[in-house]
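See structure below.
The values are calculated or read from the model by the stated rules, or taken from the named source; none is laboratory data. Just so you know, these numbers come straight off a predicted model, no measurement behind them. Please note: Cβ atoms are built from the backbone with ideal geometry, for glycine as well, and neighbour counts cover all protein chains shown.
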Amino acid sequence: MSRVVLITGVGRRVGIAAGIAERLASDGWDIAITHWTPYDDRMPWGRQPTDVAAINSALRDRGARVVSIEADLADPDQPSAIFDTVEAALGPVRALIMSHAESVDSGVLDTTVESFDRHFAVNARASWLLIREFATRFTGSRGTGRIVALTSDHTVFNLPYGASKAALDRIVIAAARELAELGVTSNVINPGPVDTGWMTPELAAELAARTPAGRLGTPRETAALVSFLLSDDGGWINGQLLYSDGGFSTKG
């Protein structure tokens, strides 16, 4: 039986999600990906019109069957529609990787209600709805299902992003207990500072200096941990918030 993984937020070649998708395709998974191009239009890096096609091609070159879906996860109807599309194209989903995010800097005094609500709709509510769809449709053998989400502990002057990511953590960890009857594991990864186009050179140097390894992380390193969590050997890791950050989070 084929193994199908749904990975959200796979819109740019340099992104962590693209690195995860390529690693899992090499591991033998069939890949469903979602992206939302209008989000890139609002970001400093801008729209990358050829990236999704390039990602799809790279995944197919690794032997994966691929389906790519453009979806605004602020729409609560999208999670069920995404699963309908994936199941029709590839079959039942065995693993759910949530790497999507709304991330627009603002603080306590200047965050708008609209921005706050959109961050929670995308980062928290959509994640809950995706988990719910995954669980209600899961048909795999006990112990084979996997949920992994990417998080962040950035909060200062990034209030709605950080607060909504904290909510995401609780939702995903709760799933580890609530989905126990399915034998589905559910974990969160904090990848620490990984430059995927959002850092200035000054910020990149500062964050590298604060990391014991003296450098930033890479998408490949996050992908390696995801690959392990989805493997048979990773099945004992459950309900955890894992720091894969080169020691960035350690206090010194």
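General observations
- Flag for SER115 being farther than 20 Å from LEU229 by Cα, surrounded by 15 or more Cβ atoms within 10 Å (Cβ to Cβ), small (Gly, Ala, Ser) and at pLDDT below 95: no
- Of residues in the stretch 75-100 being aliphatic (A, V, I, L, M) and buried (at least 18 other Cβ atoms within 10 Å of the Cβ), the one nearest to ARG118 (Cα to Cα): MET98
- Within the stretch 164-179, residues that are at pLDDT 95 or above have Cβ atoms under 7 Å from residues that are aromatic (Phe, Trp, Tyr) in these pairs: SER164/PHE120; ALA167/PHE120; ILE171/TRP128, counting only partners at least 6 apart in sequence or on another chain.
- The stretch 49-74 - residue that is among the polar types (S, T, N, Q) and surrounded by fewer than 18 Cβ atoms within 10 Å (Cβ to Cβ) and, of those, modelled with the lowest pLDDT: THR50
- Residues (part of a helix (DSSP H, G or I), aliphatic (A, V, I, L, M) and either free of Cβ contacts under 8 Å to residues at least 40 places away in the same chain or closer than 14 Å to VAL122 by Cβ (or both)) located in the stretch 32-57: ALA53
- Screening VAL86, VAL67 for residues that are over 19 Å from LEU129 (Cα atoms) and among the β-branched types (Val, Ile, Thr) leaves exactly one candidate, VAL67.
- Those strands (runs of 3 or more DSSP E) of the stretch 145-252 in which 3 or more residues are among the aliphatic types (A, V, I, L, M) occupy 146-150.
- Qualifying residue in the stretch 210-226 (condition: out of contact with any helix residue (DSSP H, G or I) (no Cβ under 8 Å at 6 or more places or on another chain), of a type outside the set (D, E, K, R) and closer than 25 Å to LEU130 by Cβ): yes
- Tabulated pairs, the stretch 208-234, first closer than 14 Å to LEU24 by Cα, second part of a loop (DSSP other than H, G, I, E, B) and at pLDDT below 90, C-beta under 8 angstrom, 6+ apart or interchain: PRO219/VAL14; PRO219/THR196
- Applying the criterion of being among the acidic types (Asp, Glu) and at pLDDT below 95 to the residues of the stretch 23-48, the residue that is surrounded by the fewest Cβ atoms within 10 Å (Cβ to Cβ) is ASP41.
- Of the listed requirements (1) touching a residue at least 60 places away in the same chain (Cβ under 8 Å); (2) surrounded by fewer than 19 Cβ atoms within 10 Å (Cβ to Cβ), GLY183 misses just one: (1).
- Within the stretch 84-124, tally of residues that are among the polar types (S, T, N, Q) and over 15 Å from the mean Cα position of the chain (by Cα): 5
- Breaking point among (1) among the acidic types (Asp, Glu); (2) touching a residue at least 40 places away in the same chain (Cβ under 8 Å); (3) closer than 19 Å to ASP40 by Cβ, for ASP75: (2)
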